[in-house]
Structure formats: C-alpha cells, structure tokens
Amino acid sequence: MTTEQDCLALDAADPLAAQRVQFALPDGVIYLDGNSLGARPKASLQRAQQVIAAEWGDDLIRSWNTAGWYDLPRRLGNLLAPIVGAAADEVVVTDTTSVNLFKALAAAIKMQADHPGRAGRRVIITERDNFPSDIYMAEGLLGWLERGYQLKLLESWSDLPAALSGEAGQQVAVVMLTHVNYRTGRMFDMTATTAQIHAAGALAIWDLAHSAGAVPVALNAANADFAVGCTYKYLNGGPGSPAFIWVPQRHHAQFAQPLTGWWTHRQPFAMQPAYAPVAGIGRALCGTQPVVSLALVECGLEIFGQVAMAALRAKSLALSDLFIALLEEHCAGHPLELITPRAHAERGSQVSVMHPHGYAVMQALIARGVIGDYREPQVMRFGFTPLYTSYQDVWRAVMVLKDILDRSDYQVDAKRDAVT
Ligand SMILES: *Cc1c(COP(=O)(O)O)cnc(C)c1O
C-alpha cells in the first residue's frame, strides 16, 4: 500500500522537483492537462513584455534583423531538435501541426511519385483512431489532388503489418501515424514500425503531438522520413503556439511542398516574380510567422535544455504507474476501465480511463481543482508532465476522484451523457 507519506518521500527524492518553480501554476489546482495545453513557464511574461514593448514598440521593423525575428523559426527548430532526436537545420517551428502535416504528406507523395519503382502507388495509410485533424487534412489533400489517391483507415494499429504485406502493400505510398495516440496514450515502437513501412517501399510520417517533450524520440535513429508536432502541449509554448516540422538531411534535396510562400524562396527580399526555392529546411516554411507567439516557444524549450529526457521519462512512468496503482487500490468497485497500456514501452505520458459517466465525473473533478480532460467516448484523460507534477499531486487527484465516485458526486446530463 502506498501512502501519502510515501508520495511525499518520492517528491523529496525527485531530481526534477526543482523544475516546478519555473512554472506559473495557480494555488489549489492539480494540473493534469499538460498534454493538451502545457502550463505557463514563468519566464514567458517577461519575454512577452520584451517582444511587445522593446522589440516591437521601440525597435519596430528593425527587429526583423536586430532581434532575430526572421531567424526565429530556424533558431527554435535547432533548440527543439535534440528533444526529438533530430540534427541541426532539420527542424523549423512554424504554422500549425495540421498545416505542417499537409506539407509533409504532400512532399512524401511527390517523392514517391518521382520514384521510378513507386510512382503508381496510390494508397495512404493511417489509423481511424488518429487525431481527426490528421485524417481531415489527408482527405483534403488527396481529394484536391484528384489523382486517384485513397486514404485507408486501419481499424486497429495491429492491422498495419497485414496492410503492408502482399499485393496490397505494394500499393502503399505513405503511412502517417501519430506516435502516441491522443485518446488512449498508446505509443508505437517508432523504429520497428518505420522499418516495416520501409520494407514495403512506403514512407513514414510521424505526428509527435503527444510525444515531443513527453517521451524520448529519436527520429534520425529510427530512420523516419518526416515528422510534425505541437509546441503548446508538453513543450509549454502557449495557447496556439506554432508547431514544428522535421525533414531529415537525407531528404532535403528532394523535399518539395506546395505552400511555396516567399519564406521558402532563396532570396525572399529580392522580390522576384520567378520562384526559386531555398535549399534545406527553409523550404518547410511558408510566410510571415506570428512572432509574439513564436517567441514564447523559447521559454519552454529553455527549460527542456536544462533537463535530461531520460530523467523526464523515468518520472513520467513513475507518475503514471503510481496513478494506475492508486486508482486500482482506492477506486476498485467503480466501473473504471484503463485503456492505456500497462507496458512501459507502449505508454506515452498520459493515462486514459473510461467511465460510463466520464464526462460528468471529469466536470466534477475540474470543479474541485483536478484538471484533466474528456474525450469521446467516455474517456477521462490524465496527463503527467514530470516538470511540474508531483507525486503528491497524483495522490490528491486519486483521493478526489475516489470521493467523487464513492459519493456519486457528479451531475449526469441525461442528454449528453446517456449510457447506452
Ligand atoms: C493536438 C494535435 C494536433 C493539433 O493540430 P493543430 O493544427 O495544432 O490544431 C494535430 N495532431 C495531433 C495528433 C494532435 O494530438
């Protein structure tokens, strides 16, 4: 049996405990939603002040050069690169995850179409359980292309080997997967899966929305082809902060994406009507970036520069293991179903639990200061962000949940939360 004292002892021995003071967290809140919107690094307020008052206010347009605004997508990309196992000049921070996925998919399709042995392939594979925006973006692109491309949705991640084998496998151009599933928290083995995809002659695009800053990622070691991801989730970049896209050096020469705005031009300020793409990762940009929002991404990345990913991963697993153990000990008898894998190798940094009244229970938790979130159907998500979540937070969160469940202290909206 684990006690609250045990949790306090774990906190006292936690090498990451000191990081919590770098975040602005309101009193009385246990924040278990850093997988959706990361907490605010305290430094962001001063950084915003500097960008708005000094760089914009005083230095005006000169700041594109003097404050390094123009280079920001590349500079931040280089700060982010080690977090995802990328090399220098392979990542830019820009646009949204959805838009970057569009660029990556379009580029991958073109690479395959230009490949002598693979030009006829017309199938793009993803999971039905992928984050819907990824599916919508792919459908949008393929429909617009009108070249007979089809999106094949796997009913289960375990159907991938079959979909890549035999005659059907020879039709697959690209497989785009989300490394850690947003709903269940299940994680793919990126290296093994990429190898399977390559063995079938297809290219692998990884969405790292729930991986970057949450779990160790080694894009180059896994030999992945493209990757995209968010900065506003585990990387604490701020609401709607620009996303990132990774293109490995080995693909730079062939990399072409259709959103060829002036920021992808070799000489953007030459104002030439003739287009000539810049070499390298700059081709993944499009146009002028939201500088204020972009600048704040650095505050989160600076914190990651001070900690080792292995230490983050160890604490993340310890927090989610503790949560699962306490849940099973104290909430047994309630209709909770764990849908996140128990195996560490298959788990991201969140725990998802189904309850027939998941929505109502989550609303009750939030009302009592335990902030997680809810996803259809019936799923309560609890994100564990090792930089600012303590073992005692986990203890307290489970005790509040136990109290809510034991006393049925939640309001079921019959229309919204009907149990069928
Ligand atoms: C959060 C998330 C997104 C978000 O995309 P935006 O374009 O930033 O809104 C995309 N894909 C996945 C898998 C996500 O989890």
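Since every read-out is calculated from the coordinates, none of them should be taken as a lab result. Remember, predicted model here, so these are calculated numbers, not experimental data. All Cβ positions, glycine included, derive from the backbone under ideal geometry; neighbour counts span all protein chains shown.
Computed from phi, the 3J(HN,Hα) profile of the range 294-306 under the Karplus parametrisation 6.51, -1.76, 1.60 (θ = phi - 60°) reads 4, 4, 6, 4, 4, 4, x, 5, 4, 5, 5, x, 9 Hz, with x in place of Gly and Pro. If the chain linking LEU60 and ALA279 were pulled fully straight, counting 0.36 nm for each residue of separation and taking away their Cα-Cα distance, it would gain 75.9 nm. Charged neighbours of ALA54, selected by a Cβ distance under 13 Å, balance to -1 (K, R count +1; D, E count -1). The range 337-398 and the range 201-251 have Cα centres lying 24 Å from one another. If we count every other residue with Cβ under 14 angstrom of ALA119's Cβ, Lys/Arg +1 and Asp/Glu -1, where does the sum land? In short, +4.
The C-alpha atoms of the chain define a longest principal axis, and helix 391-406 lies at about 60 degrees to it.
Take every pair of alpha-carbon atoms less than 8 Å apart whose residues are at least six positions apart; their mean separation over the length of the chain yields a relative contact order of 22 percent. Just to confirm my numbers, what's the Cα centroid distance between the range 254-325 and the range 66-118 in Å? Taking the Cα centre of each part, the range 254-325 and the range 66-118 sit 7 Å apart. Among LEU317, LEU60, LEU160, which one shows the biggest mean-square fluctuation in a GNM of the chain, springs joining Cα atoms closer than 10 Å? Of the options given, LEU60 has the highest mean-square fluctuation.
Across all directions, the average projected area of the convex hull around the alpha carbons of the chain is 22.5 nm².
Sequence-ordered 3J(HN,Hα) estimates for the range 240-245 from the Karplus curve with 6.51, -1.76 and 1.60 and θ = phi - 60° stand at x, 5, x, 8, 9, 9 Hz, glycine and proline given as x. For the chain, the Cβ-based charge dipole about the Cα centre amounts to some 960 debye (Lys, Arg positive; Asp, Glu negative; other atoms uncharged). For the chain, the longest principal axis of the C-alpha atoms and the axis of helix 190-199 are separated by about 40°. Over the chain, dividing the summed -39,500 (n - 2.57) contributions of all DSSP H runs of at least 4 residues by the number of residues returns a 222 nm mean residue ellipticity of -10000 deg cm²/dmol.
Candidates SER133, ALA106, VAL93 compared by Cα position along the dipole of the range 89-134: farthest toward the positive end lies ALA106, with charges placed on Cβ.
For the chain, what is the percent of antiparallel DSSP beta bridges, rounded to the nearest 5? So the antiparallel bridges amount to about 55 percent of the total. Net charge within 14 Å of ILE83 by Cβ-Cβ distance, Lys/Arg positive one each and Asp/Glu negative one each, not counting ILE83 itself? Summing Lys and Arg as +1 and Asp and Glu as -1 gives -1.
Distances between placed amide hydrogens fall under 5 Å for ILE30 paired with VAL370, ILE371, all partners being 5 or more residues away or on another chain. For the chain, modelled as a GNM whose springs connect Cα atoms under 10 angstrom apart, the maximal fluctuation among GLY300, GLY117, GLY358 occurs at GLY117.
Each label was represented as a point 7 Å from its Cα along the Cα-to-Cβ direction; for ARG128 and ARG407 these points are 4.1 nm apart. Of the GluC sites (Glu not before Pro) found in the range 320-393, none is in coil by DSSP with at most 12 other Cβ atoms within 10 Å of its Cβ. Taking amide hydrogens as placed 1.01 Å from N in the peptide plane, the amide H of HIS265 sits under 5 Å from those of VAL278, each at least 5 positions away in sequence or on another chain.
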